[in-house]
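All remarks here apply to the structure that follows.
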Amino acid sequence: MVRVRVVQHSGLRRRALRRRVLWGGGEVLVTVGVVLLLLVVHQVWWTNREARAGAEREVRALERAWDGGGGDSRTAAPDATATPEAGSGAGAGSGADSASESSPPSTGSPERSAPSPDWSQAYAILTIPRLHLRVPVAEGVGKGGVLDKGYVGHYPGTGQPGQAGNFALAGHRNTHGEPFRYINRLQPEDTVRVETRSATYTYAVDRTLPQTSARDGSVIAPIPRSTVKPGHGYTEPGYYLTLTTCTPEYTSKYRLVVWGKLVSMRPR
């Protein structure tokens, strides 16, 4: 006797529904993956491309202004004792990097003073030969106005180039030009040049603090010294340069610090 298998229509419908759900879920996952990939490409590649191009244009503009001797407001260093606009404080962070979340200490008079500085406008050029880096320096360490433009930012309240004290700078390590991505490769005696309208200041790398707290604001003090990692820093007044960025890469949890000392000054 032949048995005939009875197929329930409800079972067929359930299987078809499961297939549709799985297919739809797969399409959603693929779409989300593509969107995330595009976001990563934009954040890592496009922001670097745009920021680097903008920084290069600003370097050329500074050079033209200095060579022409014009009255461009970028030819003078901002007043180190002035108060920057909102968003330019020391707490500028990002998923890529920032510098320090502590307010920098006040220092003495600047190399040159501008009565009404534009906090997002560059006034110096930072050159690090070992890293093949040449980028503009602007006042403040806010992301939108300075760091995200591919510039290096000067901590308001710290010294200016060539001053006694500490000329302290911050830069992105990843994305938006990432000018400080490889400062961990700097070695003692590597040179770092800072050009202004009036002079070129050469610093020699002296010490590196591989990792410290984001709130270790004393690393940018006039006599830079870590309060989190005792033994790192200085105890005597001098002419210091401090470079800060985030570590590890693609995080903003800790700070990497490189210190240098002024070794020469050459008028333009």
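Here are the numbers:
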{"read-out": "Any chance Ala214 is closer than 25 Å to Val146 by Cα, among the small types (Gly, Ala, Ser) and either out of contact with any Asp or Glu (no Cβ under 8 Å at 6 or more places or on another chain) or buried (at least 24 other Cβ atoms within 10 Å of the Cβ) (or both)", "value": "no"}
{"read-out": "Members of region 128-156 that are at positive phi and either among the acidic types (Asp, Glu) or crowded, with 21+ Cβ neighbours inside 10 Å (or both)", "value": "Gly140, Gly150"}
{"read-out": "Of all residues making up region 138-174, the number that are in a loop (DSSP other than H, G, I, E, B), closer than 20 Å to Val263 by Cβ and either of a type outside the set (S, T, N, Q) or modelled with pLDDT of 95 or more (or both)", "value": "6"}
{"read-out": "Residue in region 105-120 that is at pLDDT 90 or above and either in a loop (DSSP other than H, G, I, E, B) or of a type in the set (Gly, Ala, Ser) (or both) present", "value": "no"}
{"read-out": "Members of region 193-207 found to be closer than 16 Å to Gly171 by Cα and surrounded by fewer than 19 Cβ atoms within 10 Å (Cβ to Cβ), listed by number", "value": "Arg193"}
{"read-out": "Matching entry among Val34, Val21, Val30 (being aliphatic (A, V, I, L, M), modelled with pLDDT of 65 or more, exposed (fewer than 12 other Cβ atoms within 10 Å of the Cβ) and assigned to a helix (DSSP H, G or I))", "value": "Val21"}
{"read-out": "Test: residue in region 219-241 that is under 18 Å from the mean Cα position of the chain (by Cα) and under 19 Å from Ser264 (Cα atoms)", "value": "yes"}
{"read-out": "Members of region 129-170 that are basic (Lys, Arg) and closer than 20 Å to Arg268 by Cα", "value": "Arg134"}
{"read-out": "Residues that are of a type outside the set (S, T, N, Q) and crowded, with 16+ Cβ neighbours inside 10 Å, drawn from region 217-237", "value": "Gly217, Val219, Ile220, Ala221, Pro222, Pro224, Arg225, Val228, Lys229, His232, Gly233, Tyr234"}
{"read-out": "Qualifying strands (runs of 3 or more DSSP E) (wholly inside region 176-261; at least 3 residues being among the aliphatic types (A, V, I, L, M))", "value": "199-213"}
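The values are calculated or read from the model by the stated rules, or taken from the named source; none is laboratory data. Since the model is a prediction, treat every value here as computed from it, not as a measurement. Quick reminder, even Gly has a Cβ in these numbers, built from the backbone with ideal geometry, and neighbours come from all protein chains shown.
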